[in-house]
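The values are calculated or read from the model by the stated rules, or taken from the named source; none is laboratory data. No experiment lies behind these values; they were computed from the predicted model shown. Cβ placement follows ideal geometry from the backbone for every residue including glycine, while neighbour counts extend to all protein chains displayed.
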Amino acid sequence: MLLSLTVFLAVILAALLHASWNALVKGGRDKHLAMAAVVIGQAIFAVPVLLVVPAPNPASYPLMAAGVVLHLGYQLFLLASYRTGDLTQVYPLARGSAPLIVAAVSVVVLGVPLEPLQLGAVALIGLGIISMALVRRGAGQRNRHAAALALTTGCFIASYSLVDGMGARQAGTALGFYGWMTIANALIFAVLAALRWPAMLRRVPTEGRRLLFIGGGASYAAYALVLWAFTQAPIALVTALRETSIIFALLIGVFILREKLDLAKVVATMMTLAGVVMLRMAKQSS
């Protein structure tokens, strides 16, 4: 499968949307409320789409169930990461570790053939982003706790990327697969929130209305584009390209959230951009 210009641009758009909703969660005063609104908002957008797309092949149900669990783990660990670290540290670490894991599993376990230039591009994107582990807090100390949480989040991202990519292909409909998975994920998240933060959940329709529609819509559209791309190109390449959202996250973090820009962040961004250029130039054959 080829990484065509259409797929390339779709994934770049998904990266922008993904960085945007993450910034909304990180910038919110109540991060539990923000995450709940985004997760539930995804389901609101999924329902009308399911009325016009085919139902997924029942053979994909086990992968769908696994995806629900992995997305839930990702959301909970991402939430914990944002409570302790900056967007410009947590986001790059979480997203940057994922393409390296996905590429390794794709090549070694699944036997997906990638050209040397493609592998080099994936590695450069991942290493450029994961170098954010070097970022220090304002006091000059490394935020190891936030880094550990972000790396764990990255493991969940890599896992659900592989599972969802295979599931969407097996389902025969990326939007149908994603829609049912999104609704199940939102229901389980809402139940957990009702048990853990009941007062917060009741505030979602009022205080969280903006995030419910803007954040939820951006999140739904971002991953819908990515899942479609998974059915059109190698999962490892799509995952690596998607994580260029770090560039958008860095710009949002610095210019909107007023987080500090330092040399490590600039170098990481340049490495990521170089990897994107290499990935686009690479011979696509898989």
Of all residues making up the stretch 1-55, the number that are surrounded by 24 or more Cβ atoms within 10 Å (Cβ to Cβ) and among the polar types (S, T, N, Q) = 2
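Give the stretch 67-125 a look and list any residue that's of a type in the set (Gly, Ala, Ser) and surrounded by 22 or more Cβ atoms within 10 Å (Cβ to Cβ), or say none. Break it down into steps so the answer makes sense when it comes.
In the first step, residues of the stretch 67-125 are kept if they are of a type in the set (Gly, Ala, Ser); the result is 67, 73, 80-81, 85, 94, 96-98, 103-104, 106, 111, 120-121, 123.
Scanning the stretch 67-125 gives GLY67, SER81, GLY85, ALA94, GLY96, SER97, ALA98, ALA103, SER106, ALA121.
Please work out if ILE125 is at pLDDT 80 or above and in contact with an Asp or Glu (Cβ under 9 Å, 6 or more places away or on another chain).
On the way: at pLDDT 80 or above: no; in contact with an Asp or Glu (Cβ under 9 Å, 6 or more places away or on another chain): yes.
The answer is no for ILE125.
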Determine if the stretch 91-105 includes at least one residue that is within 23 Å of LEU257 (Cα to Cα) and among the aromatic types (Phe, Trp, Tyr).
-> yes
Could you please tell me which pairs satisfy a Cβ distance under 7 Å, a separation of 6+ or placement on different chains, a first residue in the stretch 243-257 that is of a type in the set (Val, Ile, Thr), and a second residue that is in a loop (DSSP other than H, G, I, E, B)?
-> VAL254/LEU261
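Confirm whether PRO58 is surrounded by fewer than 22 Cβ atoms within 10 Å (Cβ to Cβ), free of Cβ contacts under 8 Å to residues at least 40 places away in the same chain and over 21 Å from VAL204 (Cα atoms). It would help to see each step written out before you state the result.
Numbers: surrounded by fewer than 22 Cβ atoms within 10 Å (Cβ to Cβ): yes; free of Cβ contacts under 8 Å to residues at least 40 places away in the same chain: yes; over 21 Å from VAL204 (Cα atoms): yes.
Yes; evaluated as a whole, the condition is true for this residue.
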Expected output for the stretch 192-213 (first residue closer than 13 Å to ALA37 by Cα and among the small types (Gly, Ala, Ser), partner modelled with pLDDT of 90 or more and in a helix (DSSP H, G or I), Cβ below 6 Å, 6+ apart or cross-chain) is ALA193/ALA36; GLY208/LEU33; GLY208/ALA37
By residue number, the members of the stretch 144-169 that are closer than 16 Å to ALA224 by Cα and of a type in the set (S, T, N, Q) are SER161
Can you find even one residue in the stretch 254-272 that is closer than 20 Å to PRO48 by Cβ and crowded, with 16+ Cβ neighbours inside 10 Å?
-> no
So which residues in the stretch 146-168 are more than 11 Å from LEU70 (Cα to Cα) and of a type in the set (D, E, K, R), if there are any at all?
-> none
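Looking at the stretch 231-241, can you tell me whether even one residue there is part of a loop (DSSP other than H, G, I, E, B) and under 18 Å from TYR91 (Cβ atoms)? If you could, list the steps in order and put the result at the bottom.
Restricting attention to the stretch 231-241, the residues satisfying the condition of being part of a loop (DSSP other than H, G, I, E, B) are 231-234.
Now restrict to residues that are under 18 Å from TYR91 (Cβ atoms): none.
No: zero hits.
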